[in-house]
């Protein structure tokens, strides 16, 4: 079981990364943070179904569908009936969506570089290793 200091540290990091993400989304254009996250996920994977996107975002599929409708109206995505399963909807980025994903990604890269530059050089490898472990835990790859 994690101690109180570790829990507090994780809370501070999570809150700060959330704030950083919201700031990056706003800086990259006229998208909400949740839209920016959806656009990034689609960009990373090329094509996603609505249900897969909902799972990745941790939201209800009907909420994901409503969010995607807004992105589609604004010209960031296109939705088509799934090639493998006609009950599914495949979601792809439009050129405008790709430009937005690139802008959000560039904003994140710059923000993370600035943040990591503030970590003392002697500590950077430990931070990198710890972040790698956490990423694998979140992705379900590490054992418990």
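Report yes if residue 59 is at pLDDT 90 or above and either over 27 Å from residue 111 (Cα atoms) or not in a helix (DSSP H, G or I) (or both), otherwise no. Yes, satisfied. Of the residues contained in the stretch 30-49, one or more are found to be assigned to a loop (DSSP other than H, G, I, E, B), touching a strand residue (DSSP E or B) at 6+ places or on another chain (Cβ under 6 Å), within 24 Å of residue 138 (Cβ to Cβ) and touching a residue at least 40 places away in the same chain (Cβ under 8 Å).
Looking at residue 66, is it more than 20 Å from the chain's Cα centre (by Cα) and either closer than 28 Å to residue 10 by Cα or in a helix (DSSP H, G or I) (or both)? Considered against the rule, which asks whether it is more than 20 Å from the chain's Cα centre (by Cα) and either closer than 28 Å to residue 10 by Cα or in a helix (DSSP H, G or I) (or both), residue 66 comes out as no. Among residues of the stretch 90-105 that are touching a residue at least 24 places away in the same chain (Cβ under 8 Å), those with a Cβ under 6 angstrom from a residue that is exposed (fewer than 15 other Cβ atoms within 10 Å of the Cβ) and part of a strand (DSSP E or B), sequence gap 6+ or separate chain, pair up as 90/80; 92/78. Among the residues of the stretch 86-97, is any at pLDDT below 95, assigned to a loop (DSSP other than H, G, I, E, B) and within 16 Å of residue 33 (Cβ to Cβ)? Scanning the stretch 86-97 turns up no residue that is at pLDDT below 95, assigned to a loop (DSSP other than H, G, I, E, B) and within 16 Å of residue 33 (Cβ to Cβ).
The values are calculated or read from the model by the stated rules, or taken from the named source; none is laboratory data. These figures come from a predicted structure and were not determined experimentally. No Cβ is skipped: glycine too gets one built from the backbone with ideal geometry, and neighbour counts run over all protein chains shown.
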